[in-house]
Amino acid sequence: MAAHRDHRRAIPGVDRLLARPWCRLLTGSHGREWVTDRLRAVLDEVRAGRLPLPPSDDGFAHLLQHEIARAETPSLQPAVNATGVILHTNLGRAPLAAEAREAMARAAGYGNVEFDLDTGGRGSRYVHCADLVSELTGAEAALVVNNCAGAVALALTAFAAGKGVAVSHGELVEIGGGFRIPEVVEAAGARLITVGTTNRTRLADYTRAIKAGEVAVILKVHRSNFSMTGFTEETGLDELVALGAETGVPVIHDLGSGLLADSAALGLPEEPGPAMSVAAGVDLVAFSGDKLLGGPQAGILAGTSAGVTRAKAHPLCRALRCDKVTLAGLEATLALYRDPGRAMRRIPVLRMIGAPVEELEGRAEALLERVAAQRTDRGVGPLAAEVSRGRSVVGGGTFPDARLATAVIEIDAGEAAERWMAALRAHDPPVVARSRQGRVLLDLRTIAPGEEGAVAAVLASLEGGAASECASPEELGASQRASSGEPAPSERASPETAGGEAV
């Protein structure tokens, strides 16, 4: 007990430390009140024995600098996706094209988001991107909101609040994050009317529901995140549109991922696109901007002028609207699709999907050579790693059956695999990989060109030739941040496994 009292008695007071020259410099650059709060946090940690007691007052400078660096580290950080899941939901889905990033940066200041430059009067944010969507899909009109679930909810609310929505039993899907189509219908203030069975739904099932006088909308949901085989049957979009025209019931298509590129050119199975829904004659089709389209998070409604006008006029539309930065990024992404070849080259998602496995193998071999050279320069033993073939997935609830041949760097880690994974995540920037049976796997398909340097740096920094001898995540993070005074970050979450981890 006496030793504990002596330890506490040796801790200097806040005012005494604030008077030190190094602390005055920090308060001058960061603000006295905020630095004082950080200093109190440090003293509390020392008092509790979670931080060592420095031998002198000046020794607190290092602890305070670490605390300030920790507090100033943004919670949202860029990361290297080495998982092989292209549309990785936990890592932000689609990485944006350079054109989109530049457009978003330009839009961050003042702009004509709701200002008509011709008349000098008030404009509408809903005009941005609308013409481009119509041009690319053939729709009469279009509307952009914050995400696809919001687009579906807006459409159902505008058309069917207080009324019935007919949906096939086989399309009552969960769209991710625990949200399900029945809940979206309920949230729209509509009543769910299921038709058919899980595996077989015919046109007659919809017809019976409509004749019962309860259906205000037919909702067709694309099963994009799973597949059904065997004894199955579903009603085609053309048939539903014809039935809707005959009975006066509007048809809304929840397409989910909005693929504007040619799936065959990407080496993928056939996938319905927004233009196909528009050509079929739906009133509205809803699709995402941040999945296969390759843009920022957004939900797009395209279809007839009457359908879009009705959705736009609903009060919920304002609650779901996009900000100027999102609109700028989406517009720049859509513009790339005017030249399909350019879109394939410039939009990262499409480029990753279409990358030949031979190209990825070459990049993987070059990366390992780079790591070997850096480890030699550091006097560190070789890494037990090799390049092998693997499988990537598209992810993001799309192409559930598609597997893309890829090149994977496999590192033999044994029982230390999780420690290796944590060390990768502790790097700046974090490198998010995956592990299997004691081997750490880094998939080159999702490592963007230009990110090899970050991957090489962390692999070269691991101490020891065998995984069991590598530095701990805390030691690695400390060595990497020593020059900047930054503390080692806490362990970050592992990548998603549900819905398509690469194999």
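Share of antiparallel DSSP beta bridges in region 96-207, in percent to the nearest 5? Provide the component values of the computation, followed by the final result.
Details: 3 of 8 bridges.
So the antiparallel bridges amount to about 40 percent of the total.
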*Farthest toward positive dipole pole in the chain [+1 Lys/Arg, -1 Asp/Glu at C-beta], among T235, A48, V221*: A48
*Would you mind classifying region 205-325 by shape? Square roots of the alpha carbon gyration tensor eigenvalues, ordered a ≥ b ≥ c; an a/c under 1.5 is rounded, otherwise it is prolate if a/b is larger than b/c and oblate if not.*
oblate
*Here are some values of Kirkwood radius over Cα pairs in Å: (1) 22.7; (2) 32.3; (3) 26.0. Which one was computed from this structure?*
(3)
*With label points built 7 Å along Cα→Cβ from the Cα atoms of A187 and E45, find their separation and express it in nm.*
3.8
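Averaged across orientations, what area in nm² does the convex hull of the alpha carbons in region 233-281 project? Walk me through the numbers on the way to the answer.
Details: hull surface 16.0 nm².
That works out to 4.0 nm², a quarter of the Cα hull's surface.
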*How large is the helix-only mean residue ellipticity at 222 nm for the chain, computed as the sum of -39500 (n - 2.57) over DSSP H runs with n ≥ 4, divided by its residue count, in deg cm²/dmol to the nearest 500?*
-12000 deg cm²/dmol
_Per-residue ³J(HN,Hα) for region 410-415, Karplus 6.51 cos²θ - 1.76 cosθ + 1.60, θ = phi - 60°, Hz, x for Gly and Pro_ = 9, 10, 6, 10, x, 5
*Accessible area, 1.4 Å probe, largest first: how do W420, W34 sort?*
W34, W420
_Per-residue SASA entry for Y126, accessible area with 1.4 Å probe, Å² rounded to 10_ = 40
*If you project the alpha carbons of region 135-268 onto the principal axes, what extent comes out on each, in Å, largest first?*
45, 37, 33
*Would you tell me the accessible area of V455, worked out with a 1.4 angstrom probe on the heavy atoms of the protein chains, in Å² to the nearest 10?*
0
_About the Cα centre, charge dipole magnitude for region 370-413 (Lys/Arg +1, Asp/Glu -1 at Cβ), debye_ = 100
_Estimated FRET transfer efficiency when R0 is 41 angstrom, pair W22-E102 (beta carbons, to 0.05)_ = 0.50
*Relative to the first principal axis of the alpha-carbon coordinates of the chain, what is the inclination of helix 148-160, with its axis defined by its Cα atoms, in degrees from 0 to 90 and to the nearest 10?*
30
_Apply the a/c threshold of 1.5 to the C-alpha gyration tensor of region 302-344 and tell me whether it is rounded, prolate or oblate._
oblate
*Given A372, I210, L360, which one lies farthest toward the positive end of the charge dipole of the chain, if we put +1 on the Cβ of every Lys and Arg and -1 on the Cβ of every Asp and Glu?*
I210
_Between helix 452-461 and the chain, what is the angle of the helix's C-alpha long axis to the longest principal axis, kept within 0 to 90° and rounded to the nearest 10?_
40
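Might you tell me the accessible area per residue for the chain, computed with a 1.4 Å probe and given in Å²? Don't skip to the answer; put the middle values down first.
On the way: 23130 Å² over 503 residues.
Each residue of the chain exposes 46 Å² on average to a 1.4 Å probe.
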_Fraction of accessible area attributable to carbon and sulfur, the chain (%, probe 1.4 Å)_ = 51
*What's the lysine pair count for the chain at a Cα cut-off below 29 Å, pairs eight or more apart or interchain?*
9
*Gain in span if fully extended, S305 to R180, counting 0.36 nm per residue against the direct Cα distance*: 42.2 nm
*As computed over region 279-334, the Cα convex hull volume per residue (Å³)*: 89
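Hey, what does the equivalent ellipsoid look like for region 9-148, semi-axes from the Cα gyration tensor as sqrt of 5 times each eigenvalue, largest first, whole Å?
Values: eigenvalues 535, 95, 26 Å².
Gyration-tensor ellipsoid for region 9-148: 52, 22, 11 Å.
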*If r is the Cβ-Cβ distance from E214 to A69 and R0 is 56 Å, what FRET efficiency results, to the nearest 0.05?*
0.35
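About its Cα centre, how strong a charge dipole does region 319-359 have in debye, to the nearest 20, once Lys and Arg get +1 and Asp and Glu get -1 at the Cβ? It would help to have the intermediate numbers written out before the result.
On the way: 7 positive and 5 negative charges, 37 e Å.
The calculated dipole for region 319-359 is roughly 180 debye.
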*With all protein chains present, calculate the accessible area of F115 using a 1.4 Å probe and round the result to the nearest 10 Å².*
100
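Using +1 on the beta carbon of Lys and Arg, -1 on that of Asp and Glu, and nothing else charged, what's the dipole of the chain about the Cα centre, debye to 20? List each step's numbers first, then the result.
Numbers: 52 positive and 62 negative charges, 241 e Å.
Using Cβ point charges on Lys, Arg, Asp and Glu, the chain gives about 1160 debye.
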*Whole-angstrom Cα spans of region 411-464 along principal axes, big to small*: 31, 23, 15
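Relative contact order, percent, of the chain when contacts are C-alpha pairs under 8 Å separated by at least 6 residues?
On the way: 934 pairs, mean separation 95.2, N = 503.
19 percent.
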*asked:* Can you sort E451, E135 by solvent-accessible area, 1.4 Å probe, largest first?
replied: E135, E451
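Keeping all protein chains in place and using 1.4 angstrom, which order do H222, H427 fall into by accessible surface area, from largest down? Walk me through the numbers on the way to the answer.
Details: H222 40, H427 15 Å².
The ranking, largest first, comes out as H222, H427.
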*How much FRET efficiency would the formula 1/(1 + (r/R0)^6) give for A265 and S29, where r is the Cβ-Cβ distance and R0 is 56 Å, rounded to 0.05?*
0.55
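The values are calculated or read from the model by the stated rules, or taken from the named source; none is laboratory data. Note that the structure is a prediction, hence the values are computed from the model and not measured. As a convention, Cβ positions derive from the backbone with ideal geometry for all residues, glycine included, and neighbour counts pool all protein chains shown. These area figures cover heavy atoms from the full protein model, side chains too; ligands, DNA and RNA do not enter into them. Shrake-Rupley method; radii C 1.70, N 1.55, O 1.52, S 1.80 Å.
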